[in-house]
Structures are given as C-alpha cells and as structure tokens.
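Derivation of every value follows stated rules applied to the coordinates shown; laboratory data play no part. Everything quoted here is computed from the prediction, not taken from an experiment. Don't worry about glycine lacking a Cβ; one is built from the backbone with ideal geometry, like all the others, and counts go over all protein chains shown.
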C-alpha cells in the first residue's frame, strides 16, 4: 500500500482481527465476516445476502444444498449478538429473486423478525430483490429505501461510475462481490474482500452462496482513480493488501483495465 493511501485510511488492527480504517472522515471497522461496523453510529452494514439462492437454483433443476439462507442468517445473527447494533442496514440483493421470501423456511423467516426486533432495520433495494422488498403482502420488518445517508457516508447498492474528477466521496456500496487472489502458504487462494481508496468503499458479498468478481476486473478497477487497498477476509483476520499484490499472483494482465499501470 502506498504511503498516501496508508495516511488516508490509517488502517489499525483490532483485537478481534477486524481492520479499522477512515472513509470520508468516518471510522469504519471492516469485519472478518465481511460486514461493516460503524461504531460512532452503532450500525451494522452487510451487502448481498442473496437469501434463497439455493432454492432458486433448485427450482431450475440445479440441485444445491438448501441451507444457504440458514448459514447466512447464522453469520448475521452472530454479528448482531457480538456488536448489539441499534441499526442494521442491508445494502441490497438481500434476497436472490422476487419469489425468495415465500420460499423461505418458516423458521428462517421468523428469525428475520427476531433479529430486527428492537432495532432500526433498513433494506436498500438491489437489482435482484427490488420486487421482493416492495411487495406489501410479505410483511418484512423494517423499512425499504433506494439509498440513504449516515454521517459522512452515502449508502447504496450499486456503486456509481466515476465521472471526471468526481471521486464519489463517502459512497459505500455492494453489488460487485469483490474478491482477491493472494498467495498464502505457498499457494494461491481466492478470498472475498473489501476494496477502498479512502473515498469510497465496496463491501464483499455476505451471503453463503455468493461468488466473487476479481478486483482487477474493469468493473471494479475503473471505479478508482488511484490504486486502492483490498482488505482480504482471512480465517480470523482482515488483511490489508495492495491492489498490485492481489493482481500479481493471479498472473493477470493489468492492461485488461488500463488502470494503475
């Protein structure tokens, strides 16, 4: 990571293994689970749960184990139990499709109500779940918004393209499922990651059955005017890794995106 980016982010390891950074003047804790914790606002944020993705594939004849929603809710419940947030914000694509909520097991659907009880619970609309969230007959807890602001941050599902010198200051988004390939123990491993340049932050997908898009892909790389930092999720730590370090083990040609050469 270059010195200017390190000064902007001021990354600090927390005892739990999370990484604390500064984004647009806000203290942001990048959790090992892939969730974002805003301590000043006591707010927990997660992106792209894609609940009921397994059952959606099963309906099309592709048999996947039908436990993704339960595994994802287990992780979310663990974060809530540890942090006791007053507010939970889900950054879109919380459900995999418009029929996901009716397909949920009764106990999973009831657990959503229990997790939301006594908290400000906000669903941001994503491209997968807009219809599911706005169906009044489903009775989901909380409120549904297109995007929202919290302190110096603008929370949204899909990051907006850069335009000129506009760096999208304070944007926090999901949608792209960033992942990085790094070398560990003599072999390459591919892991979900946060990615940020100190102005904007993209969260990894939180869901159990979600894939990842390489951080070198132009869809991610072109969002940043200078080399960002990848915060790679390890088993018990979040590792701050430079973008170039992520690119080199994969043998990728950086000319694919034309960025940071």
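Listing for the model above:
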{"quantity": "Helical mean residue ellipticity (222 nm; -39500 (n - 2.57) per DSSP H run of 4+; nearest 500) of the chain", "calculated": "-6000 deg cm²/dmol"}
{"quantity": "Gyration tensor verdict on region 117-219 (Cα atoms; rounded if a/c is under 1.5, prolate if a/b is larger than b/c, oblate otherwise)", "calculated": "oblate"}
{"quantity": "Region 104-127 versus region 1-40: alpha-carbon centroid distance in Å", "calculated": "27"}
{"quantity": "Rounded to 5, the percent of DSSP beta bridges in the chain classed as antiparallel", "calculated": "65"}
{"quantity": "In nm, spacing of pseudo-spin labels at residue 134 and residue 236 (7 Å Cα→C-beta vector)", "calculated": "4.6"}
{"quantity": "Segment residue 99-residue 187, extension gain: residue separation times 0.36 nm, minus the distance between their alpha carbons", "calculated": "27.7 nm"}
{"quantity": "Net lengthening on full extension, residue 86/residue 117 (0.36 nm per residue, minus Cα-Cα)", "calculated": "10.1 nm"}
{"quantity": "Value of relative contact order over the chain, rounded to a whole percent, pairs C-alpha under 8 Å and six or more apart", "calculated": "20"}
{"quantity": "Inter-site label distance for residue 6 and residue 227 at 7 Å from Cα along Cβ, in nm", "calculated": "1.2"}
{"quantity": "Per-residue Cβ neighbour rank within 10 angstrom, fewest leading, 16, 246, 193", "calculated": "16, 246, 193"}
